[in-house]
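S.K.: Quick one: this structure, given as structure tokens, is what I'll be asking you about.
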Amino acid sequence: MIRVNKTMLLFCSFILTIPATMALAIEAKSGYEYIEPETRATQDDDFTNPGLFAVDRGQRLFNNKQNSANKACADCHSEDGTKLDTKNIARYPVYSEDSAEIITLQKKISRCRNNNAGDKALPADHPDLIDLETFVRNLAIGEVVNVQTDGAMTKLIKQGKALYNTRYGLIDMSCSHCHDMYVGRMIRGQKISQGQGNGFPTYRLEPEEITSLHQRIQQCMTSMRAEPFETDSNEIKLMGLYIMSRSNGLKIEAPAVRY
Ligand code: HEC
Ligand code: HEC
């Protein structure tokens, strides 16, 4: 039996009130431009931005040798990661020629953690990995997202775009419907943004937690009443890559604050 709840009805009435033809978004704009002024103020102030807890926790994980590790990240990348190249951080996800795959920043950190620091492997999107990712990404705040779009990436981004344009779930909409066509419209009290990735990991005020880009994709799929892509699946990596390529040119804001 299909459970029609309030959210779904809201989604459906929303679709009906939107004209079919609307201009597509062209210039990339950060989600920051679509949130309430109070939320912006919360993000901008290090004392009120709740995402800074994840940064602090990530910093502790980075600077100190963990129980099962041989080394701390800081042993190789210096205290507080000052030797990490922020321009390189802004390039993630990258393509690895060696393993012929997309490597997200979190995956790179996770592999460095296992192979170089000698720590026990953790599953993708484990809270420790998200905190480390938030800390590392925050080092590059203000750098411009600069994901490779040529070479091997061209085909992968195209595949990600096809997933983005596919209709999912009971509401039978694609990501593009909301984040390209209905940008700026209100839904459930939220102004729809372009669904950019430059603020991730992001602190979400509603579930009250730090959220990776891949988790946010899954959350949007759940609200579409669709089966979300599996954590660490090929689909979610392709979708994440496409989103980050759309964010090229936007400044890194991690951790952004959003609803
Ligand atoms: C034994 C030394 C060592 C340790 C410990 C180590 N790393 Fe690394 N890390 C490296 C080296 C060498 C590279 C560059 C080569 C590569 O890309 O693998 C690197 C690359 C990286 C990069 C990519 C930087 C870029 O320019 O693309 C990140 C991010 C990173 N490490 C994070 C971490 C984190 C977080 C930890 C702790 C959980 C950690 N590393 C532990 C040696 C180390
Ligand atoms: C029915 C409309 C709708 C659909 C369809 C939809 N989203 Fe969203 N999405 C939202 C709303 C509303 C938000 C919260 C406000 C905002 O940031 O746009 C959001 C937020 C996001 C964000 C966070 C943006 C930021 O700046 O923090 C991402 C990323 C995202 N969506 C990706 C997706 C992906 C990927 C899909 C397809 C699987 C999708 N969305 C489908 C409505 C939608």
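The values are calculated or read from the model by the stated rules, or taken from the named source; none is laboratory data. Computed from a prediction, not measured in an experiment: that's the story for all the values here. Here Cβ is always computed from backbone atoms with ideal geometry, including for glycine, and neighbour counts include all displayed protein chains.
S.K.: Please find, within segment 160-188, the residue that is farthest from Gly31 (Cα to Cα) out of those that are assigned to a loop (DSSP other than H, G, I, E, B) and touching a residue at least 40 places away in the same chain (Cβ under 8 Å).
M.R.: Leu170
Conditions tested, residue by residue: (1) aromatic (Phe, Trp, Tyr); (2) part of a helix (DSSP H, G or I); (3) surrounded by 17 or more Cβ atoms within 10 Å (Cβ to Cβ).
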residue: Arg40; (1), (2), (3): no, yes, no
residue: Pro50; (1), (2), (3): no, no, no
residue: Ala54; (1), (2), (3): no, yes, yes
residue: Asp75; (1), (2), (3): no, yes, no
residue: Arg111; (1), (2), (3): no, yes, no
residue: Asp128; (1), (2), (3): no, yes, no
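S.K.: So, in segment 189-220, of the ones that are hydrophobic (A, V, I, L, M, F, W, C) and part of a loop (DSSP other than H, G, I, E, B), which residue ends up nearest to ligand 2 (Cβ to nearest atom)?
M.R.: Among those residues, the one meeting the criterion is Ile192.
One line per residue, one yes/no per condition, for (1) within 10 Å of the chain's Cα centre (by Cα); (2) closer than 20 Å to Ile157 by Cα; (3) of a type in the set (D, E, K, R); (4) within 16 Å of ligand 1 (Cβ to nearest atom):
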position	(1), (2), (3), (4)
Pro201	yes, no, no, yes
Thr211	yes, no, no, no
Arg225	no, no, yes, no
Ile236	no, yes, no, no
Val257	no, no, no, no
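S.K.: If you don't mind, another one. Hey, can you tell me all the residues within segment 189-226 that are surrounded by fewer than 22 Cβ atoms within 10 Å (Cβ to Cβ) and under 16 Å from Gln43 (Cβ atoms)?
M.R.: Passing the criteria: Gln190, Lys191, Ser193, Arg204, Leu205, Glu206, Glu208, Glu209, Arg216.
S.K.: Test of understanding: among Lys107, Lys155, which residue is at pLDDT 95 or above, out of contact with any helix residue (DSSP H, G or I) (no Cβ under 9 Å at 6 or more places or on another chain) and either part of a helix (DSSP H, G or I) or in the same structural domain as Met244 (by TED's automatic domain parsing) (or both)?
M.R.: Of Lys107, Lys155, the one residue that is at pLDDT 95 or above, out of contact with any helix residue (DSSP H, G or I) (no Cβ under 9 Å at 6 or more places or on another chain) and either part of a helix (DSSP H, G or I) or in the same structural domain as Met244 (by TED's automatic domain parsing) (or both) is Lys155.
S.K.: Is there a residue being in contact with a Ser or Thr (Cβ under 8 Å, 6 or more places away or on another chain), surrounded by fewer than 23 Cβ atoms within 10 Å (Cβ to Cβ) and not basic (Lys, Arg) anywhere in segment 227-242?
M.R.: Checked segment 227-242: at least one residue is in contact with a Ser or Thr (Cβ under 8 Å, 6 or more places away or on another chain), surrounded by fewer than 23 Cβ atoms within 10 Å (Cβ to Cβ) and not basic (Lys, Arg).
S.K.: Please specify each residue of segment 243-255 satisfying the condition of being hydrophobic (A, V, I, L, M, F, W, C) and either outside any loop (DSSP other than H, G, I, E, B) or not assigned by TED's automatic domain parsing to the domain that holds Tyr203 (or both).
M.R.: Matches in segment 243-255: Ile243, Met244.
S.K.: Have a look at Ile130, Ile102, Ile89, Ile141 and point out the one that is β-branched (Val, Ile, Thr) and near ligand 1 (Cβ under 9 Å from one of its atoms).
M.R.: None of the other options fit; the residue is Ile89.
S.K.: Of the numbered conditions (1) closer than 29 Å to Leu61 by Cα; (2) free of Cβ contacts under 8 Å to residues at least 24 places away in the same chain, Val145 fails exactly one; give the number of that condition.
M.R.: So the condition that Val145 fails would be (2).
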